[in-house]
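The values are calculated or read from the model by the stated rules, or taken from the named source; none is laboratory data. Only a predicted model underlies this, so the values are computations on that prediction, with no experimental measurement involved. Note that each Cβ is placed from the backbone with ideal geometry, even for glycine, and that neighbours are counted across all protein chains shown. Calculation scope for accessible area: heavy atoms of the full protein, side chains included, ligands and nucleic acids excluded. Shrake-Rupley method; radii C 1.70, N 1.55, O 1.52, S 1.80 Å.
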Amino acid sequence: MCIGGSLIRKYCPYLEAFSTSRGTSWHTCPFGPRKKFISSFSTNFLSFILSSHCKEEKKHNKMEKQHHLHTSSSSASITSSNDNNSKGDIKQSKFPLTFVEMAGASGVVLFFAVGLAGVYLTLPDSDYSFLKLPKTIEDLHILRDHLESYTSDYTMQVLVGYCTVYIFMQTFMIPGTVFMSLLAGSLFGVSKGVALVVFAATAGASSCYFLSKLIGRPLILSLWPDKLVFFQDQVAKRRGGLLNYMLFLRLTPTLPNTFINVASPIVDVPYHIFFLATSIGLIPAAYLTVRAGIALGELRSIGDLYDIRSIGTLFLIGLVSITPTLMTKKNKP
């Protein structure tokens, strides 16, 4: 028995497998050609160790790869399930209005529909084909000529019908309220016409305000939340002089009134400020329009309502209204 073979076999587990695979054994190693045999045996033995190590490393890498694929597939399934859940949430929140909000908006429409139907049914039997929203000065002439005969006999019905139509147009942002203001001047005169227009315009703007707060704000919040937060912060910073800013916007033709009605509740303008600015700020423009309605026969187009002098007067009044806020802001350290 070879002592070297027993020692190597004791401390190296690869030796036994190598000896068996080569058909030799350290038990029967020849003593004559020992040197040559050891050299050949050492070289082959090292090669065997390296090949065995490579096999084990490949096996280990294969197992790691399988584990990685299993982990990746599990994470992919979790991610896909999360994506499906998020898609489900998006589908659920695609329409941001609740049932109560939709019911409220539908109730507003139903209220105006019933009001208009009630006014129409209380009028005497006649041909009312002329009753349509005026879109041109010619349409306004026809409507004025027919309503003049009804105003004296059915004053209350005409007033209620006029206010209902005006408020309806303001609420749902239907263009043409300027023709209704001209009609008020032509039918009721300057003082009554201005009071009627300011009342109807303020009521319509308030109705539009609450309708926008009911359904417009959730829609804007779902579409542009970042921009909404930005404008709300800007309004909050100017809360002290907000009434003056709103008066300036109402007095001057800087922004359309319909835009102010819709945007105010969305950017957190309080209703009491909105109401005061609307009821006061609409008086100058209403006066100019109603006064022009008295001479409706001389009016050829809407462009004749506001000349440079009238627009300059409105801007001057607007600057006066916003001056206290500007002066206070300038005096702040």
Checklist entry - Looking at the range 191-219, which of its residues are in contact (Cβ under 8 Å) with a residue 60 or more places away in the chain and under 16 Å from Y162 (Cβ atoms)? => result G193, V194, V197, V198, A201, T202, S207
Next on the checklist: Against the definition (in a helix (DSSP H, G or I), open to solvent by less than 40 Å² (accessible area, probe 1.4 Å) and either aromatic (F, W, Y) or farther than 16 Å from V290 by Cα (or both)), how does Y150 come out, yes or no?
Outcome noted: yes
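The rows are residues; the columns are (1) outside any loop (DSSP other than H, G, I, E, B); (2) under 22 Å from F179 (Cα atoms); (3) at pLDDT 90 or above.
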| residue | (1), (2), (3) |
| --- | --- |
| V235 | yes, no, no |
| M246 | yes, no, yes |
| N261 | yes, yes, yes |
| T278 | yes, yes, yes |
| T289 | yes, yes, yes |
| S310 | yes, yes, no |
| L314 | yes, yes, no |
| P324 | yes, no, no |
| P333 | no, no, no |
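One line per residue, one yes/no per condition, for (1) within 27 Å of I137 (Cβ to Cβ); (2) buried (at least 19 other Cβ atoms within 10 Å of the Cβ); (3) hydroxyl-bearing (S, T, Y); (4) in contact with a Cys (Cβ under 6 Å, 6 or more places away or on another chain):
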| position | (1), (2), (3), (4) |
| --- | --- |
| W224 | no, no, no, no |
| R250 | yes, yes, no, no |
| P253 | yes, no, no, no |
| F275 | no, no, no, no |
| G297 | yes, no, no, no |
| G303 | yes, no, no, no |
Checklist entry - Can you tell me how many residues in the range 291-307 are part of a helix (DSSP H, G or I) and among the small types (G, A, S)? => result 4
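If we keep just the residues of the range 164-178 that are open to solvent by less than 20 Å² (accessible area, probe 1.4 Å) and in contact (Cβ under 8 Å) with a residue 40 or more places away in the chain, which is farthest from V108 (Cα to Cα)?
G176
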Checklist entry - Give me the pairs: first residue in the range 220-231 and part of a helix (DSSP H, G or I), second residue open to solvent by 60 Å² or more (accessible area, probe 1.4 Å), beta-carbon distance under 6 Å, and six or more apart or on different chains, which are they? => result L228/L221
